[in-house]
Amino acid sequence: MLTDPQKKKKRKIITLSIIGLLVIGIVVYIIFGRNKEVEIPVTTQKVSLNTITQSVTASGKIQPELQVKINAEVSGEIIQLSVKEGQKVNKGDLLVKIKPDQYQAQVDRAMASLQSAKSGLALQNASLKKAESEFKRAKELYSKNLSSEQEFIASNTAFEIAKAQYETASAGVKQAQAGLRDATENLLKTTVYAPMPGVITALKMQKGERVSGSGFMQGTEIMTVADLSTMEARVDVGENDIVLISTGDTTKIQIDAMRDEKFVGIVYEIANTAKTRGMGTQEEVTNFEVKIRINNTNPALRPGMSMTADIITETRSNVISVPIQSVTTRADKKEFKSNSQNPGTNDVAPKEKTKPKEVVFLTKNGKAVLTEVTRGISDDENVEILTGLKVGTEIIIGSFKAINKDLEDGSKIKIESPDKKFGIKKDK
């Protein structure tokens, strides 16, 4: 039997042997495993010709193309309301009547003032004629030395005063006439008629309520008349996308409340002035309103309905295209240069910052080949390639992690089928 010292010596030998084997294994792995390049699993596809339709998506509301808000132009109580919300009206139909008593009184006072001014003008006209006759007589006598100079001057002064008084009375008549027109206009404003045919889409006041007229401020809003036969969509488009849109662009419209029906529209107006929300904050948003005329209107459309518009900005047929996820960016490795000539500084210093290049990865002899491309327009799935690729070239299209992070020029790849890569089971 082995003694205790022998047992301890044997365990020590076994332990050292195990440690030695582990060290040898690590060294072998470092020597041989370091040089073994990892294969990156990818999926590929050949470049083809396709039709690319570029669009801008925006959301907004349905509104009548033509609507008029009826605001009170005079103050008073509503004594007659001839319409209800949703009612159709024709141009010239009576909509609302405001109590006219005080405005009728103003007209009466203005008419009385005008009559008084006309009477005063007639009186001054008679005085002027008398003064003119006396002046002519005094002038004739003075020319024959039959009257004194003082009498001639007095007659001339009386004539000039009469002319001035007549002109003042004439201005008074004009002022009274203007006052009568103003009072008459205010009286007419107590009765409001429909300015256009349409539908009462909003009724905000009721009979018996008081309204304020428009003086320096906008008068009380009473109702809205809208032409529902011609509807439009109003959407807000961001400043980066608005440059892509032009009047005349075709638009596909999806209305939330009518998902089973497709609507088509035409862009007919683009705002020149931006609408900015959250100015000066991190949430600042700058949009431009775009108006889209809906071609196939539906009587069920109502103002204020939510909608989404896909504005088709450009379509190109038979262009070289690739899946949009296959195009990525890589920084130009030449943007760094040695700076060893400047002691005390880092070994490398950045040159002028350059914009990352847009690239795709080709496949050649089991390796990825980085190729710079120039992209054109794009849709939801594909992007047009203007330069850098030819039809039939095999490019890497997946996975997202491989294309955007892992792959570099010369990386070893393992091509897998899309079914295996994305876990898709084919039907037998």
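Where a number appears in this text, it was derived from the coordinates with a stated rule and is not lab data. Everything quoted here is computed from the prediction, not taken from an experiment. Don't worry about glycine lacking a Cβ; one is built from the backbone with ideal geometry, like all the others, and counts go over all protein chains shown.
Using the Cα centre of the chain as origin and beta-carbon charges of +1 (Lys, Arg) and -1 (Asp, Glu), tell me which of Q150, T363, Q124 is placed farthest towards the positive end of the dipole.
T363
Once amide H atoms are built 1.01 Å from N in the peptide plane, which residues 5 or more positions from N382, or in another chain, come under 5 Å H to H?
For N382, whose amide H was placed from the backbone, the distant partners under 5 Å are I324.
How far apart, in nm, are the 7 Å Cα→Cβ label points at E209 and D406?
So the label points at E209 and D406 sit 6.7 nm apart.
Using a cut-off of 11 Å between beta-carbons, work out the net charge of the residues near S321 (Lys and Arg +1, Asp and Glu -1, S321 not included).
-1
At 7 Å along the Cα-to-beta-carbon direction for both N71 and M279, put a label point, then send me their distance in nm to one decimal.
Modelled inter-label distance: 2.2 nm.
When the Karplus curve 6.51 cos²θ - 1.76 cosθ + 1.60 is applied with θ = phi - 60°, which whole-Hz ³J(HN,Hα) does each residue of region 382-389 get, with x for Gly and Pro?
For region 382-389, the Karplus-derived couplings read 10, 10, 6, 10, 7, 9, x, 9 Hz, x marking Gly and Pro.
Rounded, prolate or oblate: pick one for the chain, where a ≥ b ≥ c are the square roots of the eigenvalues of its C-alpha gyration tensor, a/c under 1.5 means rounded, and failing that, prolate if a/b is larger than b/c, else oblate.
In terms of gyration-tensor shape, prolate.
Considering only the other residues whose Cβ falls under 15 Å of the Cβ of I200, what net charge follows from Lys and Arg at +1 and Asp and Glu at -1? Spell out each step's value before the answer.
Details: positive: K69, K84, K88, K91, K204, K207, R302; negative: E85, D93, E221, D227.
Here the count lands on +3.
Obtain the nm distance between the two label points defined at K390 and S82 by a simple spin-label model: each point lies 7 Å from its Cα along the Cα-to-C-beta direction.
7.9
How far, in nm, would the chain grow between L49 and L22 when pulled straight, counting 0.36 nm per residue and subtracting the alpha carbon separation?
Taking L49 through L22 to full extension adds about 4.0 nm, to one decimal.
S378 to S229: FRET efficiency via 1/(1 + (r/R0)^6), r the Cβ-Cβ distance, R0 35 Å, to the nearest 0.05?
Plugging the Cβ-Cβ distance into 1/(1 + (r/R0)^6) gives 0.40.
Sequence gap at least 6, Cα distance under 8 Å: using those rules, report the relative contact order of the chain to the nearest whole percent.
Dividing the mean separation by the residue count of the chain yields 25 percent.
What FRET efficiency do you get for S417 and T329 if R0 is 35 Å and r is their Cβ-Cβ distance, rounded to the nearest 0.05?
Values: r = 27 Å, r/R0 = 0.78.
According to the calculation, E is roughly 0.80.
What's the FRET efficiency of N318 with A178 using the Cβ-Cβ distance as r and R₀ = 56 Å, to the nearest 0.05?
My answer for the efficiency is 0.15.
Using Cα-Cα distances under 8 Å and only pairs 6 or more residues apart, what relative contact order does region 100-189 have, in percent? Show your work: numbers first, answer last.
Working: 68 pairs, mean separation 47.7, N = 90.
That works out to 53 percent.
What percent do you get for the relative contact order of region 227-315 when only Cα pairs under 8 Å and 6+ apart count?
Here the relative contact order equals 42 percent.
Taking 0.36 nm per intervening residue step and subtracting the Cα-Cα distance, what contour gain separates D93 from A164 on full extension?
20.6 nm
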